[in-house]
Amino acid sequence: MHTHAEVSCWNPFDNYGEEFDRAADKYFRSNRRPTIEESVAHYREQRIAMVMFCVDAEAQMGRRRIPNEEIAEAARKHPDVLIPFASIDPHKGRMGAREARRLIEEHGVRGFKFHPTVQGFHPYDRMAWPIYEVINEHRLPAVFHSGHSGIGSGMRCGGGLRLEYSNPIHLDEVAVNFGDMQIVIAHPSWPWQDEALSVAMHKPNVWIDLSGWSPKYFPPQLVQYANTLLKDRVLFGSDYPLITPERWMKDFLEAGFRPEVHQAILKDNAVRLLGLR
C-alpha cells in the first residue's frame with residue numbers, strides 16, 4: 001500500500017532542492033532511487049503488487065513533481081503489479097480538484113497521497129477540501145503521511161518543514177466530514193502513535209499502513225491493536241525504495257504479529273480497501 005515513484009522518465013531531473021535529497025540519503029542511509037520500471041521489475045520478481053505514487057509538494061518545496069500520468073500509464077502496462085495513486089498539492093485548490101477528477105475518470109487512478117509536512121498544510125485546512133470532495137464522491141482511499149519525517153531531518157531548521165502538520169489527530173476532522181473517503185494513516189506515527197490508534201478505533205473509514213519502519217521497531221501498542229481490535233484495517237506497506245518488501249516481510253514474521261492476522265494484513269485488507277474483488 002505504499003511505494004514511491006522516485007525518478008521520472010518523462011521529465012528531466014529537477015535538481016532544485018537537492019540538499020533535501022542529500023539529507024534524506026544520510027538519514028535513511030540509502031540513496032536508492034529506481035525508475036518506475038525498475039520498481040515494477042523488483043516487485044514482480046517478489047510476486048507482490050504495489051500501490052505507487054509521487055508526492056506533489058510544488059508550492060512548499062518548489063520542485064517539479066513526477067507526473068501522475070506517468071504512474072497511471074505504467075499501471076496500464078503492468079496491471080499485474082502496479083496500482084496507480086496520484087498526488088496533488090492541496091494548495092492547488094479547485095484546480096487540483098479538476099485534476100483529481102480527470103485522473104480518476106480518464107486515467108484510472110485508484111487513490112491519492114498527501115504528505116502534510118512537505119506539502120505544508122494541516123489536513124483539516126479547508127484549502128484541501130475541494131480535492132477531498134472529489135475523492136469522497138468516488139469513494140476512494142487517500143494515504144496521509146503521519147508522524148516524524150526523514151525529509152528535512154538534520155538540515156538547518158529542519159529545512160523549514162513542520163512536523164506538527166503530520167500529527168494524525170488532525171485527520172479526525174477529515175474523517176468526520178468525508179465519510180466515504182477511506183483515510184489511510186501511513187507509518188507508525190511516532191511520536192503520536194496513540195493518536196493514530198485512537199482515530200482509527202473511533203472512525204471506521206480510517207486505516208493504518210505499516211510502511212516506513214522495519215516491523216522490529218514498531219511500538220508495542222501498534223502490534224497489539226493490529227493483532228486485535230484493528231486487525232481488519234491494518235495494511236502492509238514497505239515505503240520502497242527506502243525499505244525493500246523482502247526485508248520488511250522477514251522482520252514482520254519476527255515482530256509478534258499473530259499468524260491468524262498475517263493474511264489480512266498482507267493482502268486481504270488491501271483487496272477490500274481497493275475493491276479488487
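Computed values, structure above
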quantity: GLU173 vs. criteria under 18 Å from the mean Cα position of the chain (by Cα) and open to solvent by 70 Å² or more (accessible area, probe 1.4 Å); calculated: no
quantity: Criterion violated by ALA41 - all others in (1) in contact with a strand residue (DSSP E or B) (Cβ under 7 Å, 6 or more places away or on another chain); (2) farther than 16 Å from THR117 by Cβ; (3) of a type in the set (A, V, I, L, M, F, W, C) satisfied; calculated: (1)
quantity: Close pairs from segment 177-196: first crowded, with 18+ Cβ neighbours inside 10 Å, partner of a type in the set (Lys, Arg), Cβ under 8 Å, at least 6 apart; calculated: MET181/ARG139; GLN182/ARG139; ILE183/LYS203
quantity: Of residues in segment 1-45 being over 22 Å from VAL143 (Cα atoms) and among the aliphatic types (A, V, I, L, M), the one most open to solvent (accessible area, probe 1.4 Å); calculated: ALA41
quantity: Hits in segment 203-260 - residues which are among the acidic types (Asp, Glu), open to solvent by less than 20 Å² (accessible area, probe 1.4 Å) and part of a helix (DSSP H, G or I); calculated: ASP251
quantity: Close pairs (6 angstrom Cβ cut-off, 6 or more residues apart or separate chains): among the acidic types (Asp, Glu) in segment 248-266, in a helix (DSSP H, G or I) anywhere; calculated: ASP251/PRO215; ASP251/LYS216
quantity: Hits in segment 261-277 - residues which are open to solvent by 50 Å² or more (accessible area, probe 1.4 Å) and either in contact with a helix residue (DSSP H, G or I) (Cβ under 8 Å, 6 or more places away or on another chain) or farther than 17 Å from ASN205 by Cβ (or both); calculated: GLN263, LEU266, LYS267, ASP268, LEU276, ARG277
quantity: All positions within segment 79-91 that are touching a residue at least 24 places away in the same chain (Cβ under 8 Å) and open to solvent by 20 Å² or more (accessible area, probe 1.4 Å); calculated: ASP80, ILE83, HIS91
quantity: Residue pairs meeting the criteria (Cβ under 8 Å; at least 6 apart or on separate chains; first among the small types (Gly, Ala, Ser), in segment 142-161; second open to solvent by 10 Å² or more (accessible area, probe 1.4 Å) and in a strand (DSSP E or B)); calculated: ALA142/GLN182
quantity: Selection within segment 46-78 - open to solvent by less than 80 Å² (accessible area, probe 1.4 Å) and more than 20 Å from PHE13 (Cα to Cα); calculated: GLN46, ILE48, ALA49, MET50, VAL51, ALA75, HIS78
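Here is a yes/no grid of residues against (1) hydrophobic (A, V, I, L, M, F, W, C); (2) part of a strand (DSSP E or B); (3) surrounded by fewer than 19 Cβ atoms within 10 Å (Cβ to Cβ); (4) modelled with pLDDT under 95:
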residue: ALA100; (1), (2), (3), (4): yes, no, no, no
residue: GLU105; (1), (2), (3), (4): no, no, yes, no
residue: LYS113; (1), (2), (3), (4): no, yes, no, no
residue: GLU133; (1), (2), (3), (4): no, no, yes, no
residue: ASN136; (1), (2), (3), (4): no, no, no, no
residue: ARG139; (1), (2), (3), (4): no, no, yes, no
residue: ALA142; (1), (2), (3), (4): yes, yes, no, no
residue: GLY150; (1), (2), (3), (4): no, no, yes, yes
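The values are calculated or read from the model by the stated rules, or taken from the named source; none is laboratory data. Being a predicted model, the structure only gives us computed values, none of them experimental. In this analysis, Cβ positions are derived from the backbone assuming ideal geometry, glycine residues included, and neighbour counts consider all displayed protein chains. The area values use the complete protein model at the heavy-atom level, side chains included, leaving out ligands, DNA and RNA. Shrake-Rupley method; radii C 1.70, N 1.55, O 1.52, S 1.80 Å.
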